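For reference, the structure is listed below as structure tokens.
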Amino acid sequence: MNLVQQLAQTDRTVVGRELHQFAAKLYPICRSITGNGIRQSLKMIQERIPMEILEVPSGTQVFDWIVPKEWNIKDAFIKDSTGRCVVDFKKCNLHVVNYSTPIRAKLPLSELKKRIHSIPSHPDWIPYRTSYYKEDWGFCLSQTQATSLPEGDYDVCIDSSLSDGHLSYGELYLPGKVKEEVLISCHACHPSLANDNLSGLTVATHLAELLAGKTHQYSYRFLFIPGTIGAITWLSRNREAVTRIRHGLVLTCIGDRGTFHYKQSRQESAEVDRAAAHVLKHTVASSTILPFSPYGYDERQYCSPGFDLPVGCLMRSVWGTFPEYHTSADNLDFLAPESLAESLHVCASIVDVLENNRHYLNLVPFGEPQLGRRGLYPSMGGTAPESELSARLWVLNLSDGNHSLLDIAERSDLPFGLVNATAELLLQNGLLAPVDNDRC
Amino acid sequence: MNLVQQLAQTDRTVVGRELHQFAAKLYPICRSITGNGIRQSLKMIQERIPMEILEVPSGTQVFDWIVPKEWNIKDAFIKDSTGRCVVDFKKCNLHVVNYSTPIRAKLPLSELKKRIHSIPSHPDWIPYRTSYYKEDWGFCLSQTQATSLPEGDYDVCIDSSLSDGHLSYGELYLPGKVKEEVLISCHACHPSLANDNLSGLTVATHLAELLAGKTHQYSYRFLFIPGTIGAITWLSRNREAVTRIRHGLVLTCIGDRGTFHYKQSRQESAEVDRAAAHVLKHTVASSTILPFSPYGYDERQYCSPGFDLPVGCLMRSVWGTFPEYHTSADNLDFLAPESLAESLHVCASIVDVLENNRHYLNLVPFGEPQLGRRGLYPSMGGTAPESELSARLWVLNLSDGNHSLLDIAERSDLPFGLVNATAELLLQNGLLAPVDNDRC
Amino acid sequence: MNLVQQLAQTDRTVVGRELHQFAAKLYPICRSITGNGIRQSLKMIQERIPMEILEVPSGTQVFDWIVPKEWNIKDAFIKDSTGRCVVDFKKCNLHVVNYSTPIRAKLPLSELKKRIHSIPSHPDWIPYRTSYYKEDWGFCLSQTQATSLPEGDYDVCIDSSLSDGHLSYGELYLPGKVKEEVLISCHACHPSLANDNLSGLTVATHLAELLAGKTHQYSYRFLFIPGTIGAITWLSRNREAVTRIRHGLVLTCIGDRGTFHYKQSRQESAEVDRAAAHVLKHTVASSTILPFSPYGYDERQYCSPGFDLPVGCLMRSVWGTFPEYHTSADNLDFLAPESLAESLHVCASIVDVLENNRHYLNLVPFGEPQLGRRGLYPSMGGTAPESELSARLWVLNLSDGNHSLLDIAERSDLPFGLVNATAELLLQNGLLAPVDNDRC
């Protein structure tokens, strides 16, 4: 039973609700690239899948970077001259520029304003801002609130700490029949933002659960990491594992109501690129394939020239292009349960293609075999072939050892699932043999 | 003189009429994949071209298949309870499911109906059905007739035989200057259906007549065979000849009023694929190139992975896509004499390309040769080049030994005939030399 | 400072005026493929750039051609029976068929008419006609004038000479850091026609001035030559220099108000073809890339199969396609100063691409380098990358030694100038190293 069939055993509405519920559970936590927020989030994932949580000390050199100090925050607020709390971190953790250094000060409005970020075009939304690698502090407010602050002095407090500690990330390795690996990576460092990237976390966790429960060809490695520094840290500590990655997907922004976008790997026509494009074409109503570019999420690290891994990025709406991106409007309402379920289904379909994309050899290659004798051809001649018959003829015709099942699915424009099922049928009928050592 | 020029010596209307007349002569015969119907048809072709008729015994193993028993039929009818003949094989041989086993029985209407095939969407047409490889019997009626049969008992008779005998096919080999071969193949097994495939038979026969009367570069092999089993039989008995096939065409459904369709070989850009596309582009008003698929006519055998021959399929309307396909409406009226003549012209043009597609070497490759001195360039400068001059410059420019005349015709978008005539002119003027051993 | 920056130091309106003024200075001269007209024109160019003028004797064998006799003309006229001068060479040198043999005769109108060329569709324009390689003579008149000549005898005089002399051409060699060459070629043989090709002469002269004043990577060779015979003569006398040509441009018809057309070299995707296409895409509002064809200007000699040089042709309106082509309407008004200036800018941009198109190696290839530490990344996260940042990421990502800067510019769709400036910035920051021996 392949992953899609396994997934289909549960009603898709139920799956969507579960995915959304897990995102909702993670939503309130103030995550960052280090600290207790991401640590706590990883533990919640660990309750579902047998994942390791790794801790890398601040100051560790990882390629060109150094693991930063650990950031933690207890509270933050702005009080006006009457002592009224006008901005409260506990109400929305986006209010504080992520990684803000601690501050406790009294400031006139004019000084405070230099520390305030807002979005004029969306006056009710609070922006998300960070300052990871330059020590700084600031607040994020809705434009409405920012412009309504009266003159006067303000008490400003950010009760944070920035000190030696650790960078935390989660890693799940699911050994398969072969050592060659499929990498599923998602960033886990954003605070209360839902699509970016609780959508990725919840879908990846569910996918890992599905895979953990069954035998599979490839080994799978799931990474739940802080963006950029996390991917670089993992890459620098796993030089050997990197050489075994055959396919990879970064999952981000896959819970909103937009259509799918798949961004190709730097290699542009790697097997995962072709698998994703094929699955989207045959599975969802509308989708777009984007060429590789060196900005985006952690695919930019996996696809850096020293690695050049075949890792693409699956999204629904593209980061940076939807107005809710990096604002408080990327909240739980912005996630649609049915979108999450569909995204999981697409991921499972891609895994199924990668798992089953083998080469076969037609054992009766001279002319067509007599399918009718084997009950594989309609006995009454004179009518056009149906897709099952068409798939049989395509698989037989192209199984010369040089065409994989994905090659055949692409050339015939038949869904991979049908092509794969057909290959199994022909194998059972002694008409095909698998080509050995297919993935080594 | 090339084939097109030879063909042009006869008025095209006359050619079209002759093609149609030969189809009309063959039309009434009840052909099948074996038996006297196809044998008689082959003899009628043999009266025109020096073709061998080969007989392969029933039971012969041919790759994965076995040559079936020979089927013959004398008569068939259905009589109602009053003894009135309501269905008469002699009026239309489509009435009997082809390869029906003998039967003589009295059946109530309810039982008879299980044996009747008709086409609800075209109530006046009789369908064509076969049961070659599963012993069975049945009748084909128009929907109108099938639904108007009154209750009662019916006398049913199929006076056929299915017994050891032979599979017959026709083969004409026309030796050329080289042993490398062009294969022209058409199926000859359908009973009274005109476009499918008397159109192929009459055009192929005429093409063979043209080629038999002249010297040619390639050797030509024409096959008039029962579909599927005939191609497989020939392939299995001619393993050595197969290795010499350089180009091939299956001709089918080339007599109707539709536009041309050329289906590429499995190789997709074999020389014959390019020649056919070029000829259609420059010769007919509108045409479509179809990618290879492993269903269709005997190209599926020639293009099976064990052979992978460069054999395409030339059609006008595509089998299975026009309503008349495999019905009594595919009759002589469905064939247009002018369509048949045009199809022959296209075939002759493709042969001319294959015959003349050579590589030449420009003997004056440094700068342009002074064409004016040789009377090959207008002496009065200042006006734009015409197509003859353009062809001269293209042939000189690309005749570096790496470009064939077809390469040049494609890149210049000039018709092959002009490019070829230009190469001959430049050869006569000492500006080109043929590249040796071009086709070995 | 690259060429475009150097050019930008002068106001483009001023540049356009200068280009037009030099064309105007050359306009009245009656040039031909040999003789004092072209010689005098070359001397005027020589006053601006340190160019050699070479003289090749009549009768010299140059590949398949022979350098023709030198043609000179003092005067020509047609007088009517009353002695009134009805056609005067001094008013317009197009009146005489270029290379006309000397004649002095009295002819009736009927005989004269056989010698007269005109353009019925443009009754007020005088055509340009030549007869270089067939000794002949004739006159070119407007259709209006030609049809208004009354019956009577006419005095006809062409005071020309055709005798052993020389073919003259100009050649400027500007040595660069490497011996590999860029060829800029334009034909200088047309009489009073402005776009064809005083536009090429004035732009090439200005471009040579710019290059003469600075250090450059490649060596540059400018040719001001008679069309066809000049290119063939140069090629035949410079067999060794030819082997060093890495890129080349023929400049013709680049002064009119039409949009740009770049005709690819025979190689179709040579570096100059890609550079020209890139520059046009990013520099001008609208342009067209034309595939190579073996007719046109001297690219047909450079691209003959014995040489197959990577030489394209830059035009605005395409020769032969605009009504003014080869008529008296191709005059100084047909040239737009702003068009000339823009054409020079495009040429300079192409040179800048060729000069700077190097390969670099990312010295920090594993993951992204930490750009923020180096002031190359915005410290406040959460906003989309701008084109400078995008260029940094692209250059880092693709600088694996296999991608040139032009490759990177094409794939990122960023202008080459930005990509090149980015490479310099990254080089300064120690993130890139040039790949050695890039152009050898």
- prompt: What would the Debye formula give as log10 I(q)/I(0) at q = 0.08, 0.10 Å⁻¹ for the alpha-carbon point model of chain B, no solvent?
  reply: -0.51, -0.74
task: Obtain the nm distance between the two label points defined at B:ASP308 and B:LEU389 by a simple spin-label model: each point lies 7 Å from its Cα along the Cα-to-C-beta direction.
output: 4.7 nm
message: From the protein chains alone at 1.4 Å, what is the descending order of accessible area for C:GLU368, B:GLU410, A:GLU151, largest first?
response: A:GLU151, B:GLU410, C:GLU368
statement: The size of the Cβ-based charge dipole (Lys, Arg +1; Asp, Glu -1) of segment B:329-440 about the Cα centre, to the nearest 20 debye, is 700 debye
field: Within straight-line cross-link reach of B:LYS281, lysines at Cα separation under 26 Å, skipping those fewer than 8 residues along the same chain
entry: B:LYS263, C:LYS263
statement: Copies of B:LYS179 compared via label points 7 Å along Cα→Cβ give distances in nm, shortest first, of 5.2, 5.2
message: Which order do you get for C:ASP159, B:ASP64, C:ASP11 if you rank them by accessible area with a 1.4 Å probe, largest at the top?
response: C:ASP11, C:ASP159, B:ASP64
query: At q = 0.17, 0.20, 0.23 Å⁻¹, what is the log10 ratio I(q)/I(0) for segment B:100-194, with the Debye formula run over Cα points and no solvent?
result: -0.91, -1.12, -1.30
- prompt: With respect to the symmetry axis carrying chain B onto chain C, which residue of chain B exhibits the smallest Cβ distance to that axis, and what is the value in whole Å?
  reply: B:SER269, 11
- prompt: Where q = 0.11, 0.12, 0.16, 0.25 Å⁻¹, what log10 of I(q)/I(0) comes from the Debye formula for segment C:10-111, counting one point per Cα?
  reply: -0.54, -0.62, -0.90, -1.35
message: Please report, for C:LYS106, the nm distances (one decimal) from its label point, 7 Å out from Cα along the beta-carbon direction, to the equivalent points in the remaining copies, shortest first.
response: 12.0, 12.1
message: Report the gain in length on full extension from A:SER286 to A:SER81: 0.36 nm times residue separation, minus Cα-Cα distance, nm rounded to one decimal.
response: 68.4 nm
task: Could you pull out the pairs from B:LYS74/B:LYS214; A:LYS106/A:LYS134; A:LYS69/A:LYS214; B:LYS43/B:LYS113; B:LYS90/B:LYS134; B:LYS43/B:LYS91 whose alpha carbons sit more than 30 Å apart here?
output: B:LYS74/B:LYS214; A:LYS69/A:LYS214; B:LYS43/B:LYS113
field: Signed unit charges on C-beta, dipole axis of segment C:303-430, positive-most listed residue C:VAL395, C:SER343, C:CYS303
entry: C:VAL395
statement: Reported to the nearest 10 Å², C:LYS106 has, with a 1.4 Å probe, an accessible area equal to 130 Å²
message: I need the shape label for segment C:199-302. Rule: rounded when a/c is under 1.5, else prolate if a/b > b/c, else oblate, with a, b, c from the alpha carbon gyration tensor.
response: rounded
query: Measuring from centroid to centroid over Cα atoms, what is the spacing of segment C:168-189 and segment C:103-163 in Å?
result: 38 Å
- request: Report the label-to-label distance for B:THR215 and A:LYS134 in nanometres (one decimal), using points 7 Å from each Cα along the Cα→Cβ vector.
  value: 8.5 nm
- line: With all protein chains in place and a 1.4 Å probe, C:ARG239 shows an accessible area in Å² (nearest 10) of 110 Å²
field: Exam field: B:ARG374 pseudo-label spacings to other copies (7 Å along Cα-Cβ), nanometres
entry: 6.0, 6.0
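So which GluC sites (Glu not before Pro) in segment B:1-82 are both in a DSSP loop and have at most 11 other Cβ atoms within 10 Å of their Cβ?
Working: sites: B:GLU18, B:GLU47, B:GLU52, B:GLU55, B:GLU70; in loops: B:GLU47.
Sites meeting the loop and neighbour criteria: B:GLU47.
By DSSP, what percent of the beta bridges with both residues in chain B are antiparallel, rounded to the nearest 5?
Percentage antiparallel, nearest 5: 65.
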- request: Once you have a ≥ b ≥ c as the square roots of the Cα gyration tensor eigenvalues for segment C:347-429, tell me rounded if a/c is under 1.5, and otherwise prolate or oblate according to whether a/b is larger than b/c.
  value: prolate
task: Report, as an integer, the average count of C-beta atoms from other chains found within 10 Å of each Cβ along C:292-303.
output: 4
query: In degrees from 0 to 90, rounded to the nearest 10, what is the angle of the helix B:36-46 Cα long axis to the longest principal axis of chain B?
result: 30 degrees
- request: Enter the accessible area of C:ASP308 (Å², nearest 10), with the probe set to 1.4 Å and all protein chains included.
  value: 50 Å²
message: What are the equivalent ellipsoid semi-axes of segment C:38-184, built from the alpha-carbon gyration tensor (square roots of five times its eigenvalues), in whole angstrom, biggest first?
response: 38, 17, 14
- request: Tell me the label-point distance for the pair C:ALA421, A:LEU107, using the 7 Å Cα-to-Cβ offset, in nm and rounded to one decimal.
  value: 3.4 nm
Computed over the protein assembly as shown, Cα set: Rg, Dmax in Å: 40.0, 115
Accessible area, probe 1.4 Å, largest first, for residues B:THR243, C:THR205, A:THR283: B:THR243, A:THR283, C:THR205
statement: Taking alpha-carbon centroids only, segment B:45-79 lies from segment C:197-251 a number of Å equal to 74 Å
statement: Surrounding charge for C:GLY367, neighbours by C-beta under 11 angstrom, Lys/Arg +1, Asp/Glu -1, total -2
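The values are calculated or read from the model by the stated rules, or taken from the named source; none is laboratory data. Please read all numbers here as calculations on a predicted model, not as lab measurements. Cβ: placed from backbone, ideal geometry, glycine included. Neighbour counts: every protein chain shown. Accessible surface is based on the protein model in full, side chains and every heavy atom, while ligands, DNA and RNA are left aside. Shrake-Rupley method; radii C 1.70, N 1.55, O 1.52, S 1.80 Å.
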